[in-house]
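Just below is one structure, and these are the notes that go with it.
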Amino acid sequence: MENKNIVVNNKKPASGMTALFGNLLLSIVGIAMTVAGAIGMSKTDYFIPFAVMLVVGVLVITASLFLYAGLRVVHPNCALVLTLFGEYYRTIDEAGFYFVNPFATAVNPERDRKNADTTQKLLSDEKANAEVSFNREISLKTMALDNGVQKVNDVLGNPIVIGAVVIWKVVDPTRAVLCVDNYKSFLSIQTDSTVRNIARLYPYDVMDDTDDEDVHSEKTLRGSSLEIAESMKAELEQRVEAAGISIEEVRITHLAYSEEIAAAMLQRQQAAAVIAARQKIVDGAVSMVKMAIDKLGDEEIVILDEERKAQMVSNLMVVLCSSKDTQPIINSGSIY
């Protein structure tokens, strides 16, 4: 670790099973000495030796009971960070049954906070049926963090609502416990800050409707969400490295304009859709009119001068481009 005051001790502690059998044997010896001393004091004249045996037996039993406190179980994908009299003692990151110094205590800030909240709930509500958990293990499993959504401004100043989910896990439990106050709260705060900092560097969407390739190749929150999520992941990894946390993935889960401008942006999108549709209709109508005039001229069905062609083009464009059904009018006379 970078912290010079902490030297990580990952050495495997003594076997818990061996210590358990030793404590059981010590307990049996203590019980036998206590019973023998009590019987000897009442039936023989050697009071003092048997009294000493009784006292020693009680001390042995007490010591064996105290040593049971040093037995620790570490579950799969979990770790224990132990301190001894206020100083770092060792880290156990392998599943198993171990024996450590009975005075060593496990540290887990997140569990301590939950226990404090649960205890406060029990004290304030007598009917609350809650159980205070004293499991101090640090989970090394892959977890997901969803901080909900937050309102930020994009690079154009438009207010947007964005949310992201973070896939993470603890890779260095010693750092997670001793280098930050609460590693889960630390990750949550850094996630909010990272999402805000990255989101303000890009526009929500391309605002220019032209065909300029440079404009449409610009990264946007809506069109380049995967690339922007990778940028969030890279920045978040740097921010939480000191806490011994590894970021596996960041995904944008929610992205929309804020309520105050959502209606205006919807109108803009609708206008762009109408213009695009009209443009396609006009392009199709022009090609159809040209084809009709060429067809009539090539097959010599009717000979049209320029004025009649203009009149025909006008009528066909009205029919083809109109948004409503047209009513045909039959002209029985001449246009002249």
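The values are calculated or read from the model by the stated rules, or taken from the named source; none is laboratory data. Computed from a prediction, not measured in an experiment: that's the story for all the values here. Note that each Cβ is placed from the backbone with ideal geometry, even for glycine, and that neighbours are counted across all protein chains shown. These area figures cover heavy atoms from the full protein model, side chains too; ligands, DNA and RNA do not enter into them. Shrake-Rupley method; radii C 1.70, N 1.55, O 1.52, S 1.80 Å.
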- Tell me, what is the FRET efficiency for Tyr46 and Met143 to the nearest 0.05, using R0 = 56 angstrom and their Cβ-Cβ distance as r? 0.30
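In Å², and per residue, what accessible area does segment 137-202 have when probed at 1.4 Å with the other protein chains present?
About 42 Å² of surface per residue is accessible.
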- Message: Tell me the accessible surface of Arg308 in square angstrom (1.4 angstrom probe, heavy atoms of protein chains only), to the nearest ten.
- Response: 90
- Message: If R₀ is 45 angstrom, what is the calculated FRET efficiency for the pair Lys151 and His75, using the beta carbon separation as r and rounding to 0.05?
- Response: 0.65
- Query: Given Lys141/Lys219; Lys11/Lys233; Lys233/Lys280; Lys219/Lys290; Lys12/Lys169; Lys12/Lys233, which pairs have Cα atoms separated by over 30 Å?
  - Reply: Lys141/Lys219; Lys11/Lys233; Lys233/Lys280; Lys219/Lys290; Lys12/Lys233
- Query: Simple spin-label model, 7 Å along Cα-to-Cβ: Lys309 to Ser246 in nm?
  - Reply: 7.5
